[in-house]
Amino acid sequence: MVFDLGGGILPTAYPFALWEALIRHVPQLAEEKLVGVLPLRAAENNEGMLLPKRAKLVLRLPMALAAHAAALSGQQLDVAESTLRSGACQLLLGKSKLRPIQPYPTLHAQLVTGATDEALFLDGINTQLSKMGIAARLICGKRRTLTGAQQSIHGYSLVIHDLKPEASLQLQYAGLGEGRQFGCGIFLPYKVISGLG
C-alpha cells in the first residue's frame, strides 16, 4: 500500500519512531509478522534525513490488513528519536493506493539481519532460501547498522538474482531475516545484472 507523504526532515534513526507512530494509529499492524515498512527514499544531511517532495510511504502487508491500513490516509504521524526530543518531525499521510507485487529476476534489500561474519551470513541466507525452495545467486554488499535510541540492528545489504517469477514473488512476500517493520529484509526490484559469468 502506497501513501503520498508530506514532511520535512526525519531523524536518522527514523524507522523505529515511524513504526511506533504507525502502530499507534493502526495497532493491527503489529499483530502480523509479515508487515513491512519499506525504507524511505531520503537524502541524509547534518540535520537528519531530508524527504523529497514526492516522497511515498510504502507498507508491504497482507490484503487482510488493507482496510485497516487505509485508515492511515489523512493522518499526521509524529516521528522522533525519543519522546524527550523537542520538535518531532510530523509526517502527513495523503491518499493511499494498492500496488500489487510484481516478479523481478533481481531483487535488493538494504539490510538483511544475520551473522556478523560475511561467510556465515551467506551460509545462513542460503539455508533460509533452501527451506523456502528458492534457488538463486547472491551478492553480499556492505555491512550495515541501523541504530536507534534503544536498539541496534546489524546485517548486510544483499542482492539476489536469477530468480524465477514464483520465487521472486515468494521472497518479496516473506522477506528474509528480522525487522521488517524497520525496513530490514524487504526486497525490492533491482537493476538487471548481466555478464556475471
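The numbers here are math on the coordinates, done by the rules we state, and not lab data. All of these numbers come straight from a predicted model, not from anything done at the bench. So basically every Cβ, Gly included, is an ideal-geometry build from the backbone, and we count neighbours across all protein chains shown.
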**Request:** Run down the lysines and flag those whose C-alpha is under 21 Å from the C-alpha of Lys56, throwing out any fewer than 8 positions away in its chain.
**Result:** Lys95, Lys97, Lys191
**Value in Å of the Kirkwood radius, where the chain supplies the Cα pairs that are averaged** = 17.5 Å
**Message:** With only alpha-carbon pairs counted, each pair once and no self-pairs, how large is the Kirkwood hydrodynamic radius of segment 107-189 in angstroms?
**Reply:** 12.7 Å
**Prompt:** Can you give the extra length, in nm with one decimal, that the chain gains between Ser157 and Glu118 once fully stretched, where that is 0.36 nm per residue apart less the Cα-Cα distance?
**Reply:** 13.0 nm
**Fill in**
Total charge of the residues flanking Met132 in space, meaning their Cβ is under 14 Å from its Cβ, with Lys and Arg +1 and Asp and Glu -1, is +1
**Complete:** Residue span Leu34 to Tyr190: 0.36 nm per residue of separation minus Cα-Cα distance leaves a gain in nm of 54.0 nm
**Asked** Between Leu50 and Ala64, what is the label-to-label distance in nm when each label sits 7 Å out along the Cα-to-Cβ direction?
**Response** 4.3 nm
**Request:** Multiply the residue gap between Lys97 and Asn126 by 0.36 nm, knock off their C-alpha separation, and tell me the result in nm, one decimal place.
**Result:** 7.0 nm
**Request:** Tell me the label-point distance for the pair Gln90, Leu138, using the 7 Å Cα-to-Cβ offset, in nm and rounded to one decimal.
**Result:** 4.5 nm
**Prompt:** Using the Cα atoms of segment 2-97 to build a convex hull, what is its mean projected area in square nanometres?
**Reply:** 5.8 nm²
